[in-house]
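A.B. asks: This is the structure I have questions about; it appears just below.
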Amino acid sequence: MEIKNPLLTLNSKLPSILELSKAQLFENLQSLQQPRFRGEQVWRAIYKECQTSFHDMTNLSKELRSVLSQNYSIGSSSTVIAKKSLDGSTDKTLFRLSDGELIETVLMRYEADGHRRGRKTVCVSTQAGCALGCTFCATGQQGFRRNLTVGEITEQVLVMERLARTEDEKEVDIGQRSRGEIQGVTNVVFMGMGEPLANYDNMMEAIRVLNDQKGIGIGARHITISTVGLIPGIERLAEENIQINLAVSLHAPDNDTRSETMPVNKRYPIEDLLLACQKFVKKTKRRIFIEYVLLKGQNDTPKHAAKLGTILKDLLCHVNLIPVNPTGEGPYQRTSYKEAQRFQSDLKIFNVPSTVRMEKGIDIDAGCGQLRDRALALTDSLGTNLA
Ligand code: SF4
């Protein structure tokens with residue numbers, strides 16, 4: 001049997017089946033005279049059961065398993081380094097893509113608190129490198145390499161889903177949770193390497209795959225896209241018929257301050273960006289998350305807080321204040337917790353809700369733009385959009 005797929009002719013390595021949309025997968029199986037339900041079975045085996053080998057898909061005929069394994073791989077990335085933080089809360093994996101590019105993915109675990117169950121958030125990359133050059137970000141200093149494909153994005157979540165479920169299952173074995181409480185990954189944030197809205201189509205297709213209830217089934221409200229403020233992308237996103245969250249990295253209350261660290265501000269200045277945010281909220285009725293990494297003396301003075309309060313007071317938003325050390329040997333220092341709290345009370349005067357997230361001990365590199373802390377802050381405040 002032969003599978004008709006243009007991908008097959010392109011690469012001497014087997015193409016990743018994760019690059020196929022559901023429709024393409026079904027078509028390919030139909031071309032092998034397979035009934036439609038086979039497509040459902042293969043999709044489920046890959047995205048629901050998270051199988052890593054076609055040979056383990058024992059509900060398929062031996063012949064079909066063999067054809068699939070001769071024609072496809074399940075994923076195309078390999079793990080180069082996998083690190084766990086000392087407190088066990090965070091895993092960071094460095095993946096090598098099929099062409100040698102390297103990307104990072106982080107899994108963060110939250111203990112249950114109050115009525116909230118424990119959560120596991122994956123922070124995914126959407127590009128190898130990044131063209132936007134934020135001065136506080138290690139990835140931004142490397143320059144742009146290329147966009148990730150749909151399969152390369154979904155594979156990051158699949159790998160972490162397998163890890164998360166294995167942990168859940170261990171807890172079942174020792175009686176800490178019931179089988180019905182196995183949940184795996186609960187949240188996905190597009191906040192890793194690269195600017196997600198600069199790889200819009202692949203990002204959205206990956207979201208559809210992750211959101212598919214017959215697969216991993218991450219609820220749209222548990223998916224967040226973080227952008228530095230690409231206005232055309234925000235406008236497109238507002239038109240999508242899916243209730244995902246939007247986080248905007250603002251990091252400054254005025255154009256002069258913002259342009260110092262974020263070159264993108266020259267193309268999309270704050271007033272235009274906030275207008276796009278207003279339109280997004282109007283269209284989606286969803287609160288926007290504003291990320292604000294506090295940099296000592298650069299954007300954290302009472303004057304900055306007052307300006308921020310002024311520009312955000314009419315926007316349905318939640319501000320995540322993140323006093324962390326910038327990456328590398330940049331000129332900025334960390335804002336103290338006391339100063340961060342003072343900044344927060346200044347915002348309160350304008351009725352702008354915010355959360356201060358202190359850096360926990362990071363013993364593994366946080367990657368792009370204080371990725372881990374930004375993602376932690378975001379997952380903490382997501383409840384505000386889930387009500
Ligand atoms: S913070 Fe994000 S957008 Fe800015 S350079 Fe880093 S990866 Fe690119």
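Any read-out appearing in this document is the output of simple, stated calculations on the displayed coordinates, not a laboratory observation. Just so we're clear, the structure is a prediction, and the values are computed from it rather than from any experiment. Don't worry about glycine lacking a Cβ; one is built from the backbone with ideal geometry, like all the others, and counts go over all protein chains shown.
A.B. asks: Modelling each spin label as a point 7 Å along the Cα-to-Cβ direction, I'd like the K348/Q213 distance in nm, to one decimal.
C.D. replies: 4.1
A.B. asks: So, one more: Sum -39500 (n - 2.57) across every DSSP H segment of at least 4 residues in the chain, then divide by the residue count to get the 222 nm mean residue ellipticity, nearest 500.
C.D. replies: Numbers: 15 runs with 149 residues, N = 387.
Estimated from H runs of four or more residues: -11500 deg cm²/dmol.
A.B. asks: Can you list the lysines whose alpha carbon is less than 18 Å from that of K13, not counting same-chain residues fewer than 8 positions off?
C.D. replies: In chain and number order, the partners are K4.
A.B. asks: DSSP loop (so not H, G, I, E, B), at most 16 other Cβ within 10 Å: list which GluC sites (Glu not before Pro) in region 251-350 pass both filters. Present the calculation step by step, with values, prior to reporting the outcome.
C.D. replies: Working: sites: E260, E271, E291, E329, E339; in loops: E329.
Passing sites in region 251-350 are E329.
A.B. asks: Between 0 and 90 degrees, rounded to the nearest ten: what's the tilt of helix 302-312 against the longest Cα principal axis of the chain?
C.D. replies: 60
A.B. asks: Still on this model: So if a site counts as exposed when it's one of the trypsin sites (Lys or Arg not before Pro), its DSSP state isn't H, G, I, E or B, and it has at most 10 other Cβ atoms within 10 Å, what's the longest stretch of the chain without one? Kindly include the intermediate steps, with their values, before the conclusion.
C.D. replies: Numbers: sites that count: K4, K13, K285.
Result for the longest clean stretch: 14-284.
A.B. asks: Let me ask something additional. Which angle between 0 and 90 degrees, to the nearest 10, do you get for helix 270-284 versus the longest principal axis of the chain when only C-alpha atoms count?
C.D. replies: 50
A.B. asks: Give, rounded to the nearest 20 debye, the magnitude of the charge dipole that the chain has about its Cα centre when Lys and Arg contribute +1 at Cβ and Asp and Glu contribute -1 at Cβ. Mind dumping the intermediate values first?
C.D. replies: On the way: 50 positive and 46 negative charges, 145 e Å.
Roughly 700 debye for the chain.
A.B. asks: Positive end of the charge dipole of region 234-331 (Lys, Arg +1 and Asp, Glu -1 on Cβ, about the Cα centre): tell me which of I322, N255, L274 has its Cα farthest that way.
C.D. replies: Highest projection toward the positive end goes to L274.
A.B. asks: Cα gyration tensor of region 78-386, axes a ≥ b ≥ c as square roots of the eigenvalues: rounded (a/c below 1.5), prolate (a/b > b/c) or oblate?
C.D. replies: Working: a/c = 1.43, a/b = 1.36, b/c = 1.05.
Note, shape of region 78-386 comes out rounded.
A.B. asks: Could you identify which residue out of G229, G39, G129 has the top mean-square fluctuation in a GNM of the chain using Cα springs shorter than 10 Å?
C.D. replies: Fluctuation is largest for G39.
A.B. asks: Classify region 7-71 as rounded, prolate or oblate, taking a ≥ b ≥ c as the square roots of the eigenvalues of its Cα gyration tensor: rounded when a/c is under 1.5, otherwise prolate if a/b is larger than b/c and oblate if not. It would help to have the intermediate numbers written out before the result.
C.D. replies: Numbers: a/c = 1.36, a/b = 1.23, b/c = 1.11.
The shape class here is rounded.
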